[in-house]
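One structure is given here, and the rest of the page talks about it.
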Amino acid sequence: MNSKKSGMHYAWKILISCCLINMSALGVTNTNGLFYNAVSSDLGILMSKLLIQTVFQGGASALTLLAVDKVYKKYPLKLILLVSSLLFNVSQMVMAAFSHVWQFCAAGVVCGIGAAFLFYVPVPMLLNNWFVKKKKTALSVCFVASGLSGIILSLAMGGVINSFGWRTAYIAR
């Protein structure tokens, strides 16, 4: 891409995109803890039973990571990011309709599969391809952005849960 036409070098666009990926995926994940008390209280489920969802999500993500490299080599990056974003975000949103622990666990598996392709591999891979001297700085900026989004989303989602309930908050995030 010609940097003269766009006014911004393509590497900076990649950095901004990577920040947005981390902000949306990790920012959403950082708000999970806000939901447990409201959901368990509303559904009459022990919080310890509801938290098993995180085990399913983490386990699915860990097992999926074993295949991530092969998938990234076989399919286009944009397709992988689109599908994994849909898996991650739709599984988060549909939790608004759930009333049983097994449903949260099933969504956790789907979310974990999507997360494996969003959290760990694409951002370092993309930044590694576009940054040489400032690679560590670019990675740092990306992960700072995800931390800031976690702070902002946590504050926002806390307010949404208190004002409109956890079901609305699951859809809103």
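Which numbered condition trips up LEU26, out of (1) at negative phi; (2) open to solvent by 40 Å² or more (accessible area, probe 1.4 Å)?
(2)
Of these, CYS18, CYS105, which one is assigned to a helix (DSSP H, G or I), in contact (Cβ under 8 Å) with a residue 40 or more places away in the chain, closer than 27 Å to ALA138 by Cβ and open to solvent by less than 40 Å² (accessible area, probe 1.4 Å)?
On the way: CYS105 fails: closer than 27 Å to ALA138 by Cβ.
Within the list CYS18, CYS105, the selection yields CYS18.
Residues to consider are ALA116, ALA138, ALA145; find the one that is over 17 Å from the mean Cα position of the chain (by Cα), closer than 15 Å to ILE21 by Cα and in a helix (DSSP H, G or I).
Numbers: ALA116 fails: over 17 Å from the mean Cα position of the chain (by Cα); ALA145 fails: over 17 Å from the mean Cα position of the chain (by Cα).
None of the others qualify; the one that does is ALA138.
May I ask you to list pairs of residues, at least six apart or on different chains, whose Cβ atoms are under 6 Å apart, with the first in region 62-73 being within 10 Å of GLY112 (Cα to Cα) and the second being open to solvent by 40 Å² or more (accessible area, probe 1.4 Å) and part of a helix (DSSP H, G or I)?
THR64/ILE113
If only one of SER61, SER41 is part of a helix (DSSP H, G or I), surrounded by 14 or more Cβ atoms within 10 Å (Cβ to Cβ) and either under 15 Å from the mean Cα position of the chain (by Cα) or among the polar types (S, T, N, Q) (or both), which one is it?
Details: SER41 fails: surrounded by 14 or more Cβ atoms within 10 Å (Cβ to Cβ).
So the residue among SER61, SER41 that is part of a helix (DSSP H, G or I), surrounded by 14 or more Cβ atoms within 10 Å (Cβ to Cβ) and either under 15 Å from the mean Cα position of the chain (by Cα) or among the polar types (S, T, N, Q) (or both) is SER61.
Being of a type outside the set (A, V, I, L, M) and in a helix (DSSP H, G or I) is the filter; apply it to region 44-55 and report the residue that is farthest from MET95 (Cα to Cα). Explain how you work it out, then say what you get.
Restricting attention to region 44-55, the residues satisfying the condition of being of a type outside the set (A, V, I, L, M) are 44, 48-49, 53-54.
Next, only the ones that are in a helix (DSSP H, G or I) stay: 48-49, 53-54.
On the way: SER48: 17, LYS49: 15, GLN53: 11, THR54: 13 Å.
Going through the qualifying residues, I end up with SER48.
All but one of (1) in a helix (DSSP H, G or I); (2) more than 18 Å from the chain's Cα centre (by Cα) hold for SER99; which doesn't?
(1)
Looking only at region 29-38, count how many residues are more than 16 Å from the chain's Cα centre (by Cα) and open to solvent by 70 Å² or more (accessible area, probe 1.4 Å). Don't jump to the end; show me each part of the working.
As a first pass, look at region 29-38 and keep what is more than 16 Å from the chain's Cα centre (by Cα): 36-38.
Then keep just the ones that are open to solvent by 70 Å² or more (accessible area, probe 1.4 Å); that gives 37.
Residues in region 29-38 being more than 16 Å from the chain's Cα centre (by Cα) and open to solvent by 70 Å² or more (accessible area, probe 1.4 Å): 1 in total.
Is it fair to say VAL83 is open to solvent by 40 Å² or more (accessible area, probe 1.4 Å), of a type in the set (Val, Ile, Thr) and either at pLDDT 90 or above or closer than 23 Å to LEU43 by Cβ (or both)? Don't jump to the end; show me each part of the working.
Details: open to solvent by 40 Å² or more (accessible area, probe 1.4 Å): yes; of a type in the set (Val, Ile, Thr): yes; either at pLDDT 90 or above or closer than 23 Å to LEU43 by Cβ (or both): yes.
Judged against the criteria, VAL83 is a match.
The values are calculated or read from the model by the stated rules, or taken from the named source; none is laboratory data. Predicted, not measured: the structure shown is a model, and the values here were computed from it. Using ideal geometry, Cβ is built from the backbone for each residue, glycine included, and neighbour counts are taken over all protein chains shown. In case anyone asks, the SASA skips ligands and DNA or RNA and just uses the protein heavy atoms, side chains included. Shrake-Rupley method; radii C 1.70, N 1.55, O 1.52, S 1.80 Å.
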